[in-house]
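The values are calculated or read from the model by the stated rules, or taken from the named source; none is laboratory data. Computed from a prediction, not measured in an experiment: that's the story for all the values here. Don't worry about glycine lacking a Cβ; one is built from the backbone with ideal geometry, like all the others, and counts go over all protein chains shown. Side chains included, ligands, DNA and RNA excluded: accessible areas come from the protein's heavy atoms. Shrake-Rupley method; radii C 1.70, N 1.55, O 1.52, S 1.80 Å.
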Amino acid sequence: MAATAYYTDIYKSANVPDSCCPAGITLAQFTSFTAGSNTYLADTIYLARMPAGAVLVDIKMQMPAQATITFSLGTVTYSTGATVSATNIATGVVQTGAGRIALTGGFQGTTLVSTTVLGTVGPGTKFTVDTGILLTNAGAALTDNTVIYFLVLYYMDYGADMAFDPGP
């Protein structure tokens, strides 16, 4: 069976700040994904969109009490839909039981998430173009009605002039 792509509402709505957002203020995008009975291995879930100039602070996820979920996090160029890398944020994350995962730490079940799964894109990465964040299911099919909660924290960096005020 061919892999399927799923798009969360926040990814589709492209609800991101424009140039009127104060520089340096921490922003958040929150969404959830509910797996259907047909969410299989290699399926991709497009979770959130980072605007050009966004600096990643952290990504936090809450995983359900499904037996095991294995996944990778990566990026896609939003304007073209071209995957930059399906694993440049994290690869081969294995979540056993319920738990919370973050790029800056977290637990899978009762075990601390290993830093060995982290990729080259992480806290402090500045996106120069509108960039989507995607999750690739790298393990077994997700259980029907499995809900994954996803939160990305970031701030806007307008360049050298962090006191930038676009005015009315």
Area accessible to solvent at Asp130, 1.4 Å probe radius, in Å²: 50
Nonlocal amide H pairs with Ala48, under 5 Å, H built at 1.01 Å: Ile133
Protection proxy (average C-beta count within 10 Å per residue), highest first, orders 82-95, 136-149 as 82-95, 136-149
Could you work out how much longer the chain between Ser85 and Leu41 gets when fully extended? Use 0.36 nm per residue separation minus the Cα distance between them, nm to one decimal. 14.1 nm
Per 0.36 nm of contour for each residue apart, how much would the distance between Ala98 and Ala65 grow if the chain were fully extended, relative to their Cα-Cα spacing? 11.5 nm
